[in-house]
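Colleague: My questions will all concern the structure given below.
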Amino acid sequence: MVSRRYSPWALRFTTLTIVLIPVAVGINYIGKLFASALKLPLWLDSIGTVLSGMLAGPWIGAISGAVNNIVFGITADPISFWYLVTSIAIGLVVGYLAFTGWINTFGRAVVLGFVVALVAAVVSTPLNVILWEGTTGNVWGDALYTALMAKGWPVWLASFLDELVVDVPDKLATVVISWLIYRALPKRLVGLFSGRNEVESL
Amino acid sequence: MRLSLYVPGNSWVHRLDPLTKLIMAVVAVILVFVLPGYWASAALLAVSLGVLASGGVLRRSVPVFLGVSLIAITFFVVQGLVYPGNQHPALTLGPVTFYQEGLLLGLKLSLRLYNILAATLVLILLTNPSDLVESLVRRGVPSRFGYVVVAVLQMIPNMAATTGTIMDAQRSRGMETEGSLWTRMRAFIPLMGPLVTSSLIATEERALALEVRGFSGNRKPTFLHEEVIPPYAWAVRALYLAALILAIAGRWIG
Amino acid sequence: MTVIEVENLRYRYPQQAEPALDGVSFSVQQGEFIGIIGPNRSGKSTLCQALVGLVPHFYKGAIGGKVMVAGLDVHQHQVWEVCQRVGLVFQSPFTQMSGAKFTVYDEVAFGLENQGVARDEMVRRIERVLRLLGLWEYRDRNPFALSGGQMQRLAIASVLALEPEVLVLDEPTSQLDPAGTSEVFAAVSDLCRQGMTVVMAEHKVDRIAARADRVLVLHEGKSIAFGPPRQVFAREDLPALGVAIPPVTEVCRRLGWQLPDGTYPVTVAEAVQMGGAARGNHNS
């Protein structure tokens, strides 16, 4: 039996994991900043959410994602507020899989990247369809959407593929980069975040 | 660099308490989806713009509206071309035909987009985010959550401020930031890595400092500043909620 | 009156083989200024954090022995309870800023709001500590717009606002320039003069020697000396163990300028006095 503290779903709400949340949002923002400064065709704006999931599990990952979109929603970009569901989903998935061994090797991290892309696309599609009939505002994705719709494909499928085309490269890169950074962190720090330790007597 | 677009001021909207403005924004956004037809949507947009104007921030909203105009254009283009309900041609440019139904849908979606934007700009431009958060914490939202949201507002400008120096430092060490896609992608990790690692390490120090100021106590907090709710705030809340109820009732009956 | 009592404190961080603190015992009287010195990794920070309960509650790990501070058994209480009686100031001014407040004035209120202090009391305490630390004129500034020394004084003020009986400082000047360092030492001395019990871990042994009532020397987690500065720094074994001693003391030792009780001067002022007397004797 896995002890409660080691379960991926344990509530790891300590001061340390809570302070991680704004830092994760900051990292999301910096990722977006560097990606646009380097003119990369990727958003790379979820590295913080992914890292917080890897370090502190699904709940903190989900909350980091939610806070990210809430804060940007009320300060600068109202549209991003609606996509908080996507960020929450990413945080949950990464947190759960990270705490069940899916970041032990590079190969597994790549698989995780694909899974995250799939989840992000699945969760965003209903939002896209409800809000704007399925387009994403991205050139390549919308071009695909237009082509498919012209051939008579159903809206939700065209929208899903539109979103997937955008998400696969972006989320794959995000998860791999986060994994590399995670592996380079001091073990002591990773242990602190994971909350696996207890107080013993000497 | 400031994260929020908040513009301080002294208009009647500014003097409303944050919760009232939150109600205004939420009701307006719900109305976007409940109100039928183009005229109702346009009227709602006019009301939101009116509120922004009376707050003196209409000018500041323009860049935000322009920023999404590209998305609005894609609505017209994409739906005009391929909306499944397209029947009557409206415009033909060479081999490409735009249809009435799709273009009208594009109009509807654009109105929706601008309405949502205008409604939330009342919150964004006219409310200090930390006042909004404190207002929620006063009413029962856990104070640790309030901390998290407000801390983001200061942390991001601080972190962003260091990115310029990091890029310069790395460039001076010979890192290429221009050129082929692969070159530019390779530059990403040496830029992100050190900053992220040092931020995560600093998290431990931050947590320690917060602990010794009672952060984990989880007690009901007190507030240094008092919240001022002007008398007319109640009238505004009642007005918006009444509009919402009427709209929903109208939709339900009609 | 004994305000700190540490008995056989032992502590080991998680996933470490060696203990960080290996049987440390000492006691501190009210109003004393205690300096903690020792080479790197000797356990200074660990000991400071053990006085507030961060060790063991924050880091977990294995702990033994007893720590009583201001009447509380630290191991039996949460950190947020202990921090009402004992304040802790850390090295880095920047990471001690909560980030949740936009003015110096509000920043001090952060801990008070957490503790549920009444508004009138908050206003009184904030003004008191800001004036005490010389920050009252900066009260409307953004905390991140202050200098290093000012930020560190703000950290001290924020902790003092909780009105502790003991103030612990863990190398508070190591990231400051000389001006900032002087500001902090002056502020801490003032507090001490007003009756606060202060425990400070420091590398700047000359400054500690000048102001501390007693000095605790740590080496590899053990306490190897505890006494007034002159006695401690007179010991022959310190340099070999990697413990810094004030340059003045080293010079006097080599010059053979010994004081009547067998110790050497630990401050420049003492040395000058001695040197003057020695030259006077020589001439007469």
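The values are calculated or read from the model by the stated rules, or taken from the named source; none is laboratory data. Everything numeric in this text was worked out from a predicted model, so none of it was measured. For neighbour counting, all protein chains shown are included, and Cβ atoms are generated from backbone atoms with ideal geometry for every residue, glycine included.
Colleague: For residues in region B:128-156 being small (Gly, Ala, Ser) and in contact (Cβ under 8 Å) with a residue 40 or more places away in the chain, which is nearest to the other protein chains (Cβ to nearest Cβ)?
Modeller: Across region B:128-156, the extreme among qualifying residues is B:Ser143.
Colleague: Are there any pairs with C-beta distances below 7 angstrom linking a residue in region A:61-72 that is more than 11 Å from chain B (Cβ to nearest Cβ) to a residue that is outside any helix (DSSP H, G or I) and surrounded by fewer than 24 Cβ atoms within 10 Å (Cβ to Cβ), with the two at least 6 apart or on different chains, and if so which?
Modeller: A:Asn69/A:Tyr83
Colleague: Every residue in region B:98-114 that is within 11 Å of another protein chain (Cβ to nearest Cβ) and of a type outside the set (Ser, Thr, Tyr), please.
Modeller: The answer is B:Gly102, B:Leu105, B:Gly106, B:Lys108, B:Leu109, B:Arg112, B:Leu113.
Per-residue answers, yes or no, for (1) touching a strand residue (DSSP E or B) at 6+ places or on another chain (Cβ under 7 Å); (2) of a type in the set (Gly, Ala, Ser); (3) more than 29 Å from C:Trp80 (Cβ to Cβ):
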| position | (1), (2), (3) |
| --- | --- |
| B:Arg171 | no, no, yes |
| B:Trp182 | no, no, yes |
| B:Phe188 | no, no, yes |
| B:Lys220 | no, no, no |
| B:Ile229 | no, no, yes |
| B:Ala235 | no, yes, yes |
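Colleague: Looking only at region A:188-201, which residues are among the hydrophobic types (A, V, I, L, M, F, W, C) and either away from chain C (no Cβ under 14 Å) or crowded, with 17+ Cβ neighbours inside 10 Å (or both)?
Modeller: A:Leu192, A:Phe193
Colleague: Okay, moving on. Of all residues in region A:144-187, count the ones that are in a helix (DSSP H, G or I), at pLDDT below 90, surrounded by fewer than 16 Cβ atoms within 10 Å (Cβ to Cβ) and at the interface with chain B (Cβ under 9 Å from one of its Cβ atoms).
Modeller: Final tally of qualifying residues: 2.
Colleague: Test B:Val196 against the criterion of being farther than 21 Å from A:Val175 by Cα and at pLDDT 85 or above, and give yes or no.
Modeller: No.
Colleague: In the set A:Ile70, A:Ile88, A:Ile74, A:Ile60, which member is at pLDDT below 85 and on the phi < 0 side of the Ramachandran plot?
Modeller: A:Ile74
Colleague: In addition: For a quick check of your reading: which helices (runs of 4 or more DSSP H) sit entirely within region C:97-187 and have at least 1 residues that are farther than 25 Å from C:Glu81 by Cβ and more than 14 Å from chain B (Cβ to nearest Cβ)?
Modeller: Because the criterion is at least 1 residues that are farther than 25 Å from C:Glu81 by Cβ and more than 14 Å from chain B (Cβ to nearest Cβ), the helices (runs of 4 or more DSSP H) in region C:97-187 that meet it are C:119-132, C:148-160.
Colleague: Hey, another quick one. Could you go through region C:15-35 and let me know if any residue there is within 12 Å of another protein chain (Cβ to nearest Cβ) and free of Cβ contacts under 8 Å to residues at least 60 places away in the same chain.
Modeller: Within region C:15-35, one or more residues are within 12 Å of another protein chain (Cβ to nearest Cβ) and free of Cβ contacts under 8 Å to residues at least 60 places away in the same chain.
Colleague: Does region A:157-165 contain at least one residue that is within 28 Å of A:Ile21 (Cα to Cα), among the β-branched types (Val, Ile, Thr) and under 19 Å from the mean Cα position of the chain (by Cα)?
Modeller: no
Colleague: What tally of residues in region C:37-72 results from selecting those that are within 11 Å of chain A (Cβ to nearest Cβ) and β-branched (Val, Ile, Thr)?
Modeller: The qualifying residues number 2.
The rows are residues; the columns are (1) of a type in the set (Val, Ile, Thr); (2) more than 24 Å from C:Glu270 (Cα to Cα); (3) not assigned by TED's automatic domain parsing to the domain that holds C:Val24.
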position	(1), (2), (3)
C:Glu171	no, yes, no
C:Ala186	no, no, no
C:Val205	yes, no, no
C:Ala210	no, no, no
C:Asp213	no, no, no
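Colleague: Among the helices (runs of 4 or more DSSP H) confined wholly to region C:218-284, which include 2 or more residues that are surrounded by 16 or more Cβ atoms within 10 Å (Cβ to Cβ) and in contact with a strand residue (DSSP E or B) (Cβ under 8 Å, 6 or more places away or on another chain)?
Modeller: Once the helices (runs of 4 or more DSSP H) in region C:218-284 are filtered for at least 2 residues that are surrounded by 16 or more Cβ atoms within 10 Å (Cβ to Cβ) and in contact with a strand residue (DSSP E or B) (Cβ under 8 Å, 6 or more places away or on another chain), what remains is C:229-233.
Colleague: Let me confirm something: among C:Leu132, C:Leu88, which residue is surrounded by 24 or more Cβ atoms within 10 Å (Cβ to Cβ) and either more than 22 Å from the chain's Cα centre (by Cα) or not acidic (Asp, Glu) (or both)?
Modeller: C:Leu88
Colleague: Tally the residues that are under 24 Å from C:Ala50 (Cβ atoms) and of a type outside the set (D, E, K, R), restricting the search to region C:160-184.
Modeller: The qualifying residues number 13.
Colleague: What's the number of the only condition in (1) in contact (Cβ under 8 Å) with a residue 12 or more places away in the chain; (2) out of contact with any helix residue (DSSP H, G or I) (no Cβ under 9 Å at 6 or more places or on another chain) that B:Ala242 fails to meet?
Modeller: (1)
Colleague: Further question: Might you let me know whether region B:84-91 holds any residue that is within 8 Å of chain A (Cβ to nearest Cβ) and either surrounded by fewer than 16 Cβ atoms within 10 Å (Cβ to Cβ) or in a helix (DSSP H, G or I) (or both)?
Modeller: Looking through region B:84-91, at least one residue is within 8 Å of chain A (Cβ to nearest Cβ) and either surrounded by fewer than 16 Cβ atoms within 10 Å (Cβ to Cβ) or in a helix (DSSP H, G or I) (or both).
Colleague: Additional query: Take the conditions at pLDDT below 90 and under 15 Å from the mean Cα position of the chain (by Cα) and apply them to A:Trp43. Does it pass?
Modeller: Answer is yes for this residue.
Colleague: If you don't mind, there's one more thing I want to ask. Please find, among B:Val77, B:Val13, B:Val51, B:Val27, the residue that is among the aliphatic types (A, V, I, L, M) and under 27 Å from A:Asp142 (Cα atoms).
Modeller: B:Val77
Colleague: From the list A:Gly134, A:Gly141, pick out the single residue that is more than 7 Å from every other protein chain (Cβ to nearest Cβ) and outside any helix (DSSP H, G or I).
Modeller: Exactly one residue qualifies, and that residue is A:Gly134.
Colleague: Please tell me if B:Val32 is within 14 Å of chain A (Cβ to nearest Cβ), surrounded by 15 or more Cβ atoms within 10 Å (Cβ to Cβ) and either touching a residue at least 24 places away in the same chain (Cβ under 8 Å) or over 22 Å from the mean Cα position of the chain (by Cα) (or both).
Modeller: Yes, satisfied.
Colleague: I've got another one for you. Going through region A:93-132 one residue at a time, which ones are over 18 Å from A:Gly191 (Cα atoms) and touching a Gly at 6+ places or on another chain (Cβ under 6 Å)?
Modeller: A:Asn128
Colleague: May I ask you to list the residues in region B:171-209 that are within 14 Å of chain C (Cβ to nearest Cβ) and either touching a His at 6+ places or on another chain (Cβ under 8 Å) or in contact (Cβ under 8 Å) with a residue 12 or more places away in the chain (or both)?
Modeller: The answer is B:Ser199, and nothing else.
Colleague: Same structure again: Here is a list: A:Tyr96, A:Tyr29. Which entry is within 10 Å of chain B (Cβ to nearest Cβ) and under 15 Å from the mean Cα position of the chain (by Cα)?
Modeller: The match here is A:Tyr29.
Colleague: Okay, next question. For residues that are surrounded by fewer than 20 Cβ atoms within 10 Å (Cβ to Cβ) and acidic (Asp, Glu), scanning just region B:113-172, find the one that is farthest from A:Leu38 (Cα to Cα).
Modeller: B:Asp131
Colleague: Taking only pairs six or more apart or across chains, which ones have beta-carbon atoms under 9 Å, a first residue in region C:75-96 that is assigned to a helix (DSSP H, G or I), and a second residue that is modelled with pLDDT under 90 and of a type in the set (D, E, K, R)?
Modeller: C:Trp80/B:Arg219
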